[in-house]
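Worksheet for the structure shown next.
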Amino acid sequence: MAVRTGPARGVRTIRRAVVTGGAGFLGSHLCEHLLDRSVEVVCLDNFLTGSPENVRHLMERPGFRLLRCDITDYVHVPGPVDLVLHFASPASPLDYLRMPIETLKVGSLGTLHTLGMAHEKGARYVLASTSEVYGDPLQHPQREDYWGNVNPVGPRGVYDEAKRFSEALTTAYRTSRGTDTGIVRIFNTYGPRMRADDGRAIPAFIGQALSGRPLTVAGDGSQTRSICFVDDTVRGILAMAFSPHAGPVNIGNPDELSMLRLAEWIVELTGSRSAIEFIDLPVDDPKVRRPDSTRAEQLLGWAPSVPSEEGLRRTVAWFAAQLRAGAVRAG
């Protein structure tokens, strides 16, 4: 059953989608959900931070194709394409600090190449932007009309500015060339298939708790994040993809909590006896983060539905199962 977008830009039938970064954490869930909607999926990934393991369970499904491809070099997908979801990028601090040039290239050249393909194919294009475009925000919660507080020459600038440039280029293609584009700003997402060694708080805390090691909380732990379970994030992204809206639209759960509370919660959920230790706060680490989700609710009819406790329990269970199976990559 094909999926149709709203009528504002004409009725569009989505039969075939391209997902860049489709073998990553979030990309693999997008591929799976699209297949569940009877949409054919071409998954592009160079496996810099993604893994074929994330989509192994999709390989035998009709309509799924995995291609190793570095979109900073070129993008070529033969045949019709109705939707391009650009989700290729290192997303965790450990990854983009280790690969600053690659991060900037995928945000610039990768965005240019994928926008060109979408324009040529007459496809809807959705850019995965990030709450990091708000930097260390002076507005709280963050609305889409806030321009942000980003340090372009700080260590996080390689990711923040890559996404800000991606947004500008996507907007330019829409306004100057008429490409059907949308921008989603994704807030902290978690769930199964996260890498245990990617340096983000939730997989780090869960791994530490399950192994009995101390949980390392940055600073005094008072900095906040708003966490959204992956199924909810994917629903929001696809609501945007199957709409005519340009965005940007925040996709995130307003359920804000401190990093110290998150660490304590994970200790409780795992039944661990791990202690909590405090380490130095990273440079330019945002003090607060919470989306204003009004626009997503009004334009897309979207709101998160998975309570954080349920999402964290499901994520803990997945990591525990992976550890038992010996399948989690070493940290």
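Yes/no matrix, rows are residues, columns are (1) out of contact with any Pro (no Cβ under 8 Å at 6 or more places or on another chain); (2) crowded, with 18+ Cβ neighbours inside 10 Å; (3) among the aliphatic types (A, V, I, L, M):
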| residue | (1), (2), (3) |
| --- | --- |
| GLU60 | yes, no, no |
| LEU67 | yes, no, yes |
| PRO78 | yes, no, no |
| SER129 | no, yes, no |
| PRO137 | no, yes, no |
| GLY148 | no, no, no |
| PRO155 | no, no, no |
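For every residue, the table says whether it meets (1) among the hydroxyl-bearing types (Ser, Thr, Tyr); (2) over 19 Å from the mean Cα position of the chain (by Cα); (3) under 16 Å from PHE187 (Cβ atoms).
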residue: PRO248; (1), (2), (3): no, no, yes
residue: LEU262; (1), (2), (3): no, yes, yes
residue: SER293; (1), (2), (3): yes, no, yes
residue: GLY301; (1), (2), (3): no, yes, no
residue: GLY311; (1), (2), (3): no, no, yes
residue: LEU323; (1), (2), (3): no, yes, no
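Tell me which strands (runs of 3 or more DSSP E) are completely within segment 239-331 and hold 3 or more residues being touching a Lys or Arg at 6+ places or on another chain (Cβ under 9 Å) and over 19 Å from ALA204 (Cβ atoms), or say none if there are none. Talk me through it step by step, then tell me what you get.
Details: elements: 249-251, 256-258, 276-279.
Once the strands (runs of 3 or more DSSP E) in segment 239-331 are filtered for at least 3 residues that are touching a Lys or Arg at 6+ places or on another chain (Cβ under 9 Å) and over 19 Å from ALA204 (Cβ atoms), what remains is 249-251.
Of everything in segment 156-206, what is farther than 17 Å from PRO244 by Cα, out of contact with any Asp or Glu (no Cβ under 6 Å at 6 or more places or on another chain) and in a loop (DSSP other than H, G, I, E, B)? Give them in sequence order.
Within segment 156-206, PHE187, ASN188, GLY191, PRO192, ARG193, MET194, ARG195, ALA196, ASP197, ASP198, GLY199, ARG200 meet the criteria.
Can you pull out the residues in segment 261-288 that are touching a Ser or Thr at 6+ places or on another chain (Cβ under 7 Å) and either surrounded by fewer than 19 Cβ atoms within 10 Å (Cβ to Cβ) or closer than 14 Å to THR216 by Cβ (or both)? Don't jump to the end; show me each part of the working.
Step one: list which residues in segment 261-288 are touching a Ser or Thr at 6+ places or on another chain (Cβ under 7 Å), which gives 267, 277, 279, 288.
Once the filter is applied, which keeps residues that are touching a Ser or Thr at 6+ places or on another chain (Cβ under 7 Å) and either surrounded by fewer than 19 Cβ atoms within 10 Å (Cβ to Cβ) or closer than 14 Å to THR216 by Cβ (or both), segment 261-288 yields VAL267, GLU277, ILE279.
Residue-wise test of (1) among the basic types (Lys, Arg); (2) modelled with pLDDT of 95 or more; (3) surrounded by fewer than 19 Cβ atoms within 10 Å (Cβ to Cβ).
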residue	(1), (2), (3)
LEU238	no, yes, no
PHE242	no, yes, no
ASN253	no, yes, no
ARG290	yes, yes, no
GLU297	no, yes, yes
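Report yes if VAL267 is closer than 25 Å to ILE183 by Cβ, in contact with a strand residue (DSSP E or B) (Cβ under 7 Å, 6 or more places away or on another chain) and at pLDDT 95 or above, otherwise no. Full working, then the answer.
On the way: closer than 25 Å to ILE183 by Cβ: no; in contact with a strand residue (DSSP E or B) (Cβ under 7 Å, 6 or more places away or on another chain): yes; at pLDDT 95 or above: yes.
In short, no.
Name every residue in segment 87-122 that is of a type outside the set (A, V, I, L, M) and in contact with a Gly (Cβ under 7 Å, 6 or more places away or on another chain), in order of residue number. It would help to see each step written out before you state the result.
Restricting attention to segment 87-122, the residues satisfying the condition of being of a type outside the set (A, V, I, L, M) are 87, 89-90, 92-93, 95-96, 98, 100, 102-103, 105, 107-108, 110-111, 113-114, 116, 119-122.
Across segment 87-122, the qualifying residues are PHE87, SER89, SER92, PRO93.
Take VAL153 and decide whether it is at pLDDT 95 or above and not in a helix (DSSP H, G or I).
Answer is yes for this residue.
Hey, could you check segment 159-194 for residues that are among the hydrophobic types (A, V, I, L, M, F, W, C) and surrounded by fewer than 20 Cβ atoms within 10 Å (Cβ to Cβ) and say which is farthest from VAL288 (Cα to Cα)?
ALA172
Can you tell me which residue within segment 200-230, out of those that are surrounded by fewer than 17 Cβ atoms within 10 Å (Cβ to Cβ) and under 20 Å from VAL288 (Cα atoms), is farthest from the chain's Cα centre (by Cα)? Break it down stepwise before answering.
As a first pass, look at segment 200-230 and keep what is surrounded by fewer than 17 Cβ atoms within 10 Å (Cβ to Cβ): 211-214, 216, 218-220, 222.
Filter once more, so that each one left must be under 20 Å from VAL288 (Cα atoms): 216, 218-220, 222.
On the way: THR216: 23, ALA218: 22, GLY219: 25, ASP220: 27, SER222: 24 Å.
Looking at the filtered set, the residue picked out is ASP220.
The values are calculated or read from the model by the stated rules, or taken from the named source; none is laboratory data. These numbers come from a predicted model, not from an experiment. Virtual Cβ from ideal backbone geometry, glycine too; neighbours counted across all protein chains shown.
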